[in-house]
Structures are given as C-alpha cells and as structure tokens.
Amino acid sequence: MEYPGRWIGRGGPVLWPPCSPDLTPLDFFLWGHLKELVYRDVVTTQMDLVDRLHAACTSVDPAMLQRVMTAIPRRAQACLDMHGGHFEHLL
C-alpha cells in the first residue's frame, strides 16, 4: 500500500529540522517500534494496516514504557553535550 507525499522521517518531502534531537519518547522510541512491528511483513490492505496498528499499540506494556522513560535524562544530557545537535551516535 502506498501513500504518496505522506512520509514521516528523514528523506521525505518535508525536511526534518537539522537540530531536532528527538528527546520525546514518541520520537526516539514509540514510532520506530510501532513501524517495525506493523511493517514486518508487506501490508496488503487498508484494513490489514489498521489491524496491525491496533495490535502493535496494544503490545506496548507499562514495563516497556518505564524503561523508555528512564532513558530521558541520559538523552537530555547527550543533547546538552552536543549543544542541541544530533546525539544518537553517542547513545
């Protein structure tokens, strides 16, 4: 299934800000995690996509979210160390 002109991420039609250090858990974890689960196999229909999104979202448990939240101070410090620049390579 294709959605032309609707790309979320680097290299898409909307330029990603160069100083966007992805400090929120939604950015640095959840979207990538869900995308990995949803697109593990080729999506065949819109309903298949909806079903996969639902299953992926319900698979996220409180313990997983707690681990993600503990990463925030480390990520914030890395951002400060890089003066707001990209820091993923440091983690």
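The values are calculated or read from the model by the stated rules, or taken from the named source; none is laboratory data. Small disclaimer: the values here were computed from a predicted structure and weren't measured. Cβ atoms come from the backbone with ideal geometry, glycine included; neighbour counts cover every protein chain shown. We work out accessible area using only protein heavy atoms, side chains counted, and drop any ligands, DNA or RNA first. Shrake-Rupley method; radii C 1.70, N 1.55, O 1.52, S 1.80 Å.
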Task: Candidate set from the stretch 79-91 (those that are surrounded by 13 or more Cβ atoms within 10 Å (Cβ to Cβ) and out of contact with any helix residue (DSSP H, G or I) (no Cβ under 8 Å at 6 or more places or on another chain)); member that is farthest from residue 43 (Cα to Cα) - done: 79
TODO: Please verify whether the stretch 23-45 includes one or more residues that are in a loop (DSSP other than H, G, I, E, B), open to solvent by 70 Å² or more (accessible area, probe 1.4 Å) and modelled with pLDDT under 90.
DONE: no
Task: Qualifying positions in the stretch 79-91 - of a type in the set (D, E, K, R) and within 17 Å of residue 29 (Cβ to Cβ) - done: 88
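Among the candidates 56, 76, 63, which residue alone is closer than 13 Å to residue 28 by Cβ and open to solvent by less than 90 Å² (accessible area, probe 1.4 Å)?
On the way: 56 fails: closer than 13 Å to residue 28 by Cβ; 63 fails: closer than 13 Å to residue 28 by Cβ.
Criteria check complete, one pass: 76.
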